[in-house]
Amino acid sequence: MNTYELGVLDGRRFLGQDDFVIWDCYTKGNGIFDGKYHFHDFYELSYVYDGEGIYTVNGESFSVGRGFLFLTTPSDYHSLSVSEGGFLRYYNVIFRENLLKAEVADALYRQGRLLCYLAEGEQYESFWS
């Protein structure tokens, strides 16, 4: 795994004046973000719909693939890695903390572990219908 660090990604660069943005993302092995640890001042909700990779957050690694949904908070130091010749396609919703009620944001910070869910079978199919 590449240990090159990107550091802090500034929400102004990715969000501009918006409170949230939705992207259809494509990550490939040896891509610009592949295996590069970073954190940012916004939340990131990602839903994988094709491919596979390894998501590492706060030192813990998870295999991610089709149907995997996960939330990254501004305090999470993380990276996404894809094997050589592989790829990962996912929707990425990035949003500012002001969209959350204060008690929800506090609970997410206290959680201390990755919030994730795996949609399979009918659940996955119903997402697309």
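Quick notes on this structure:
- Share of carbon and sulfur in the accessible heavy-atom surface of region 61-109 [1.4 Å probe, %]: 56
- Fully extending the segment from F62 to F87, taken as 0.36 nm per residue of separation minus the present Cα-Cα distance, adds 7.4 nm.
- J(HN,Hα) series, region 46-58, from Karplus relation 6.51 cos²θ - 1.76 cosθ + 1.60, nearest Hz, glycine and proline x: 10, 10, 7, 10, 6, x, 8, x, 10, 9, 10, 9, 6
The values are calculated or read from the model by the stated rules, or taken from the named source; none is laboratory data. This is a predicted model, so every value here is computed, not measured. Accessible surface areas use protein heavy atoms only, side chains included; no ligands, DNA or RNA. Shrake-Rupley method; radii C 1.70, N 1.55, O 1.52, S 1.80 Å.
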